[in-house]
Each structure stands twice: as structure tokens, then as C-alpha cells.
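The values are calculated or read from the model by the stated rules, or taken from the named source; none is laboratory data. Keep in mind the model is a prediction, meaning the values are calculated, not measured. Quick reminder, even Gly has a Cβ in these numbers, built from the backbone with ideal geometry, and neighbours come from all protein chains shown.
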Amino acid sequence: MRYLLLSSCLFILAGCSSVYKNLQPAKGDINYIQKFKPDFKNTLYKAEIDVVGNHLSGLLLIKTLPDSSIRIVFTNEMGFKFFDFEFRHDRVFKVLYLIKQMDKKPVIKTLKKDFELMILPQKDDKSAYLLKDDHNLYYVFPKSKGSFCYITDLNGTEMKTMEISSPHKPIVQAIMKNYVNGIPDTIGISHKNFNFTIGLKKIER
């Protein structure tokens, strides 16, 4: 059954116009990608977000709660709150606050996916699988529409990029780099189909 599922996913990814057409199945531990999972205990970033035609700048706090839920709060420098999201320990997503200008279903859905990509999937996802090309490993986590894809070098020592992918091409690309004590110093997320970007730079406290 798993072989049939993987074959179907490969068939979809390998469409004639797909940028993934040369990928091949790979062996390995899908949980190895967890080594890049950020240790967001109480981390503050300088944030620049372009969304729905608006440029927002301020501070973005990512905090892991005692029950392993994750809060993501974005405010301006004066403390005015733009949004307050929670990924509960069971990965249920909850909007605790959102300014009226951003309170639109497409915006909420987009922000949810972007931050979910950044947090990384949980361990032991039975639907996940590995692909490779001549230079990279692709850790693929299927979603209801498209996939989350984490791309490393063949040795799995460096995460080059993260993607939210359609069957044929990436629709979101992101980076997390310069890890210090398990926390990336720099995070960038960019959408390919419309102007929606997130840029984060860690603030030392």
C-alpha cells in the first residue's frame, strides 16, 4: 500500500513540466530532518512582513509553552499587536488575535502554512518520504494540497531551503540559517505567485 502511495506521489511530481521530474526515491530516516527543528523557547525577531499590500515592521515573538504549544505574536515597536497565533501541542491552529485589515481567510491560511513550514512537521509522519537528485535530499511531507518539502545536501548536514510545493513547482520558498544554540538567526519566506514575504532577524537579549 505504501509502495503504491509513493509511486502515485512520484508520478504526480514527475509530470512533464515539473521541476521535480528528475527526482528518484531515496532511503533514509525521515525523522533526520528534526535536527533542523528550531528550539524556539522564547525567541524574539526583528520582523518585516509584506502582506495584502501592506508593509508591516516590528517584533515577532516565538514562544514554546509548557505543554509544547507554540505562540507566535507580532507587534510594532510600540507594542501594538498585529496578530497572535497559537499552534497547540496537537498542532491545532488557533487565531487568538488578528487586526481587521488582515482578518481574511486567505491571509490566515497563508500565514498558518508559512509558520507551520518554519516550525517543521512532527516526528513519525507515516505519509512522509524521501527523494533525491544528484546533489540534494528532499524530505517530503504531503498535505491536503501540495507538500511541505525540506531540501538538504546529500549528507543531510545543511538545510538549503524549504518549500511549499504544488505538484509541478514550489509556490513558497524559505530559508532558515545561521543556527546558534538550536535557533536560526535569519529566516526568510517568499511566495512566488503574489507579493507576500516574511523576513526575520534574531534579536539578542
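So the values come out like this:
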{"quantity": "Selection count where residues are among the basic types (Lys, Arg) and under 22 Å from Asp29 (Cα atoms), scope region 143-176", "calculated": "2"}
{"quantity": "Residue satisfying all of: in region 54-74; under 15 Å from Ile198 (Cβ atoms) and not hydrophobic (A, V, I, L, M, F, W, C); surrounded by the most Cβ atoms within 10 Å (Cβ to Cβ) among these", "calculated": "Gly58"}
{"quantity": "Odd one out for Leu61 among (1) modelled with pLDDT of 95 or more; (2) more than 15 Å from the chain's Cα centre (by Cα); (3) assigned to a helix (DSSP H, G or I)", "calculated": "(3)"}
{"quantity": "Residue that is surrounded by 15 or more Cβ atoms within 10 Å (Cβ to Cβ), among the polar types (S, T, N, Q) and farther than 19 Å from Val107 by Cβ, where the choices are Thr186, Thr161, Thr157", "calculated": "Thr161"}
{"quantity": "Every residue from region 81-105 that is out of contact with any strand residue (DSSP E or B) (no Cβ under 8 Å at 6 or more places or on another chain) and either modelled with pLDDT of 90 or more or of a type in the set (Lys, Arg) (or both)", "calculated": "Arg91, Val92, Lys100, Asp103, Lys104, Lys105"}
{"quantity": "Boolean, Tyr45 is within 23 Å of Gln173 (Cα to Cα), surrounded by 18 or more Cβ atoms within 10 Å (Cβ to Cβ) and at pLDDT 95 or above", "calculated": "yes"}
{"quantity": "Matching residues, region 73-126, being part of a helix (DSSP H, G or I), more than 17 Å from Ser147 (Cβ to Cβ) and either among the β-branched types (Val, Ile, Thr) or not assigned by TED's automatic domain parsing to the domain that holds Asn195 (or both)", "calculated": "Val107, Ile108"}
